Amino acid sequence: KIDLSGTDNVPRRGGAVLASNHVSYLDFIYAGLGAHPAGRYVRFMAKDSVWKNPVAGPLMRGMKHIPVDRDAGAESFRVALDMLKAGEIVGIFPEATISRSFELKDFKSGAARLAQAAGVPLLPTVVWGSQRLMTKGRPRDFSRGKALSVTVGTPIDVPADADVEVVTEQLKAAMAVMLDAAVARYPQQPSGPDDTWWLPARMGGTAPTLAEATRMDRLEAVDRAKRKSG
């Protein structure tokens, strides 16, 4: 049950940067569906560790997405830029990692910088419902009957003289409105008190608040750094 809206906002030809929120490990598949009615495919940039996942890895390789090494990001930026200039659509998650709260986290400016460097528009995109299938800290659940929505918003131009930080805030504001609308029109409600984990706390769910999720991310980053150095 997949609801696609705003697909007319996807250009039929030429490059574009599709910027999506990030609530599940499979968002690179579902966000890309927003471009399919226009006959387009999306090459997503994602951290290289995803390629090691037994489920997502083979899909990432098969769909020729772009691995991002956090310690050598310049090369992946160059590859993405070349693809954009060749007329492809490149997908990017401005939050960088999955949002445990299912709210929008702080955005990095990479999407705006790519769009500006390539002279292509930004396509704000919101996925909702994919967290119920496979997300951080939860068991996979590929049982049938779940709804999913993908919304593509009005393209945002990024002039050569634009402040990419301002554009990034504009992008986030647009996606925040889109996300609230996607949650409001979502056709399914929790089936019981044990099924509220996938709803944001401010909407009556039991997902971590944005502040709690941020703290969890920081602790995870510290632990990851310790393991890497040790």
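Rg/Rh, computed from the Cα trace of the chain with Rh as the Kirkwood radius, has the value 0.95. Normalised by the number of residues in the chain, the average gap of Cα pairs under 8 Å and 6 or more apart makes the relative contact order 26 percent. When the chain is treated as a GNM with alpha-carbon contacts under 10 Å, the residue of 132, 218, 12 showing the greatest mean-square fluctuation is 218. Rg ratio for the range 167-230: its Cα radius of gyration over 2.2 N^0.38 Å, N being its residue count, equals 1.51.
With protein chains left intact and a 1.4 Å probe, residues in the chain average 50 Å² of accessible area per residue. Ignoring any ligand, DNA or RNA, what whole percent of the accessible area of the range 1-157 comes from carbon and sulfur when the probe is 1.4 angstrom? Of all accessible area on the range 1-157, carbon and sulfur atoms account for 51 percent. Packing here is the average count of other Cβ atoms within 10 Å per residue, and on that basis the peptides 146-156, 206-216, highest first, run 146-156, 206-216.
The values are calculated or read from the model by the stated rules, or taken from the named source; none is laboratory data. For clarity, every value in this text was computed on a predicted model and none was experimentally measured. Don't worry about glycine lacking a Cβ; one is built from the backbone with ideal geometry, like all the others, and counts go over all protein chains shown. Note: accessible area is taken over every heavy atom of the protein model, side chains too, but ligands, DNA and RNA are not part of it. Shrake-Rupley method; radii C 1.70, N 1.55, O 1.52, S 1.80 Å.
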